[in-house]
Protein chains: 2
Amino acid sequence: MKLAVLGTGMVGRAHAEKLAQLKHDVMIGTRDVKKSLGESKPDMMGNPPFGEWKKSHANIRLGTFSEAAKHGEIVINALKGEASVSTLQSLKSELRGKTILDISNPLDFSKGMPPSLFVCNTDSLAEQIQRAVPQSHVVKTLNTMNAFLQVNPNMLENGNHTAFVSGNDSNAKTKVTQMLKEWYGWKDVIDLGDISTARAAEMLLPLWVRLWSSTQNANFNIKVVQEKKL
Amino acid sequence: MKLAVLGTGMVGRAHAEKLAQLKHDVMIGTRDVKKSLGESKPDMMGNPPFGEWKKSHANIRLGTFSEAAKHGEIVINALKGEASVSTLQSLKSELRGKTILDISNPLDFSKGMPPSLFVCNTDSLAEQIQRAVPQSHVVKTLNTMNAFLQVNPNMLENGNHTAFVSGNDSNAKTKVTQMLKEWYGWKDVIDLGDISTARAAEMLLPLWVRLWSSTQNANFNIKVVQEKKL
């Protein structure tokens, strides 16, 4: 399938790599192709410069945001939270009718660590995005665990933990849920409801950040433990 | 041990009953003793009137907020979120030097269902309470699951799920953690850090509410799934 990933950070790279391994036709979209390829320093998380990473992933295409958004039948939003709404809004026509798998988080680092959220409680980043691209189908998912677990859930406890999906369009949610299960290996995917339920998923981030800082290990997730259905 | 429970709702009742079963000397505190005993209608959740419940729990004392706060060596705050700060502030002298086990949630039902939070993100109800009673030791815990699971975690999946504690005073946190483990049977109690980490625990409520509404069964909790330590 033709798939697009917006964003060149570790989340975008993890998805592009995984999907290319599965023989999909993947294009990463970036604001400035030349600048992305020319990066020469590791990012603030210590990830190698994008150009270097790209050399060892020759089977993954690189294009502008617009080229990638046109290319993908499903478009993965792996942009930083603060860039997501404006960037996706600028791609409104390319994204028309498409499913957007939104992983972004509204993290606000401007007041120091730990980050707070720049939108929460009575609204969410996913809802802001959905309002910015009303003719696309936004499905919020995978924003609640690190990039490696997002695409390889079985790396942790044989996959015995939970992913959530939120979205207004049930076909798009079904498509994303299948992608999570069949391509990435997720076993437990809970449909929280319409896109407003992304508030709940995004408001998990403060817990994620605190657990990360207390355990110094990002390889964790939460599992919803429920009574076995009879 | 002499223990106090502030609040006559289902959370307060569950803790008082459990602690009395364990042979502790428990006093429930309420705003107006006569009024609480005189209630004749079930509450909005369908719980029996308090006076009726109290008759079958003769071993549990009932007093004013002030009498209960004086009585308890540890004081459990099971009040509604919106009443918590003002009530605890009015008990400042009775609560001086004591550990307050705070279960309250900042739920705002004023804008309809599902509730939002009246404080979150850059502050929390637990922090508001701690500021209101600076000479007491507030430990936020057990606000992330229903009352029955709070005091009987083994009712669900043999207790294989998580409780969190947040607080500034490590002795108070140790005391509360022991109480959770030895009296209630909790196996997995994670110390998130200082009282500001209660933001993370309180911001789990939107997820709780959405899961409750999608499963129609309040008997669930989350488990933090981590790599086994080597």
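Here are the numbers for this structure:
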| read-out | value |
| --- | --- |
| Contact order normalised by residue count of chain A, Cα under 8 Å, 6+ apart, percent | 17 percent |
| Rounded accessible area per residue of the protein assembly as shown, 1.4 Å, Å² | 43 Å² |
| Size of charge dipole - the range A:76-203 - debye, nearest 20, with Cβ of Lys, Arg +1 and Asp, Glu -1, no other charges | 240 debye |
| Intensity falloff of the protein assembly as shown expressed as log10 I(q)/I(0), Debye formula with alpha-carbon point scatterers, at q = 0.13 Å⁻¹ | -1.13 |
| Debye intensity ratio I(q)/I(0), log10, the range A:6-139, q values 0.21, 0.23 Å⁻¹ (C-alpha model) | -1.29, -1.42 |
| Label distances, nm, B:Leu22 versus same residue in remaining copies, Cβ-directed 7 Å point | 4.7 |
| Size of the A/B contact, given as accessible area buried on both chains, probe 1.4 Å, in Å² | 3100 Å² |
| Carbon plus sulfur fraction of accessible area for the range A:181-230, probe 1.4 Å, in percent | 51 percent |
| Violating pairs (Cα-Cα greater than 30 angstrom) within the set A:Lys223/B:Lys2; B:Lys34/B:Lys70; A:Lys175/B:Lys80; B:Lys34/B:Lys80; A:Lys223/B:Lys98; A:Lys181/B:Lys181 | A:Lys223/B:Lys2; A:Lys175/B:Lys80; A:Lys223/B:Lys98; A:Lys181/B:Lys181 |
| Of all accessible heavy-atom area on the range A:87-139, the percent that carbon and sulfur account for (1.4 Å) | 50 percent |
| Label point 7 Å beyond Cα along the C-beta direction, distances from A:Glu227 to other copies (nm, shortest first) | 3.7 |
| Accessible surface of B:Trp53 - all protein chains present, 1.4 Å probe, nearest 10 Å² | 30 Å² |
| Of all accessible heavy-atom area on the range A:1-78, the percent that carbon and sulfur account for (1.4 Å) | 53 percent |
| Dipole magnitude of chain A, debye to nearest 20 (Cβ charges: Lys/Arg +1, Asp/Glu -1, about Cα centre) | 340 debye |
| Cut-off under 5 Å, modelled amide H: who pairs with A:Phe164 long-range | A:Leu142, A:Ile190 |
| Inter-site label distance for B:Asn217 and A:Gln216 at 7 Å from Cα along Cβ, in nm | 4.0 nm |
| Those residues of the range B:1-15 whose amide nitrogen sits under 13 Å from the label point placed on B:Thr174, 7 Å along Cα→Cβ | none |
| Ellipsoid equivalent to the range A:113-188 - semi-axes via the Cα gyration tensor, in Å | 24, 18, 9 |
| Dipole of the protein assembly as shown, positive end: most advanced residue of B:Gly185, B:Ile76, A:Thr122 [Cβ charges, Cα centre] | B:Gly185 |
| Distances in nm from B:Ser213 to the matching label points in the other copies, shortest first (labels 7 Å along Cα to Cβ) | 3.1 |
| Amide hydrogen neighbours beyond the local backbone of B:Leu62, cut-off 5 Å, H modeled | B:Ile28 |
| Kirkwood-type radius of the range B:163-228, with distances r between different C-alpha atoms, in Å | 13.3 Å |
| FRET E, pair A:Arg96, A:Lys41, Förster distance 22 Å, beta-carbon r, rounded to 0.05 | 0.05 |
| Chain A: calculated mean residue ellipticity at 222 nm from DSSP helix runs of at least 4, using -39500 (n - 2.57) | -9500 deg cm²/dmol |
| Quarter of the Cα convex hull surface for chain A, i.e. its orientation-mean projected area (nm²) | 12.8 nm² |
| In order through the range B:144-157: 3J(HN,Hα) via Karplus (6.51 cos²θ - 1.76 cosθ + 1.60), integer Hz, x for Gly, Pro | 10, 8, 6, 4, 5, 5, 3, 9, 9, x, 6, 4, 10, 6 |
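The values are calculated or read from the model by the stated rules, or taken from the named source; none is laboratory data. Note that this is a predicted model, so its numbers are computed, not measured. Positions of Cβ are backbone-derived with ideal geometry, glycine not excepted, and every protein chain shown enters the neighbour counts. Just so you know, the surface numbers come from the protein's heavy atoms only, side chains and all, with ligands and any DNA or RNA stripped out. Shrake-Rupley method; radii C 1.70, N 1.55, O 1.52, S 1.80 Å.
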